[in-house]
Amino acid sequence: MFKRLPILIATVTALGLLVGLLAACGNDGSDREGSNMMSDMSMGHDMDMSGRDNSPSTRPPAEGAREIQVVARSFAFEPSEIEAKVGEELAVSLTSADITHDFVIDELGVHVQADKDAGETGGVRADTAGSYTYYCSVPGHRTAGMEGTLTVA
Ligand SMILES: [Cu+2]
């Protein structure tokens, strides 16, 4: 897992450069319409890539939200259990102790991401009592143990 990630990033970067080069070549030899098509294609490519990192479901915490500090590391969350009241506004402040991790609760549309040097804070609120599982969506991390439970009562 650890050894493959840099290779993947390098491959993606190389592909991006290749697309850029192709677009530049197309610019030289073709008319404006052709080059627009090329840039549209590479824009779509970029959007797909960023869509993975920046989920639109991350929302800023509500004013007065209770801050919950969560530290993500390979491969656990600290704490692994969070309690909240029904309708309570939480501000989950995620930091990472090592590599990129995220904090996802599918049922609540929560996605907070933290890189090693850049944390993120996201608003969390459950209007229905119950147990909600939070996990890290980086491939392999959840099965390695990056799971926790938000209990709302
Ligand atoms: Cu992770």
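Observations
- Within the option set LEU90, LEU108, LEU94, being more than 18 Å from the chain's Cα centre (by Cα), surrounded by 17 or more Cβ atoms within 10 Å (Cβ to Cβ) and modelled with pLDDT of 95 or more holds for one residue only, LEU90.
- Considered as a group, the residues in region 85-117 that are small (Gly, Ala, Ser) and over 15 Å from THR58 (Cα atoms) include one that is farthest from the ligand (Cβ to nearest atom), and that residue is GLY87.
- Evaluating VAL152 against the criteria (1) within 12 Å of the ligand (Cβ to nearest atom); (2) in contact with a strand residue (DSSP E or B) (Cβ under 6 Å, 6 or more places away or on another chain); (3) not small (Gly, Ala, Ser) leaves one unmet condition, (1).
- Candidates GLY145, GLY123, GLY130 - the one that is out of contact with any His (no Cβ under 7 Å at 6 or more places or on another chain), surrounded by fewer than 13 Cβ atoms within 10 Å (Cβ to Cβ) and modelled with pLDDT of 95 or more: GLY130
The values are calculated or read from the model by the stated rules, or taken from the named source; none is laboratory data. Just so it is clear, the structure is predicted and the values come from calculations on it, not from any experiment. So basically every Cβ, Gly included, is an ideal-geometry build from the backbone, and we count neighbours across all protein chains shown.
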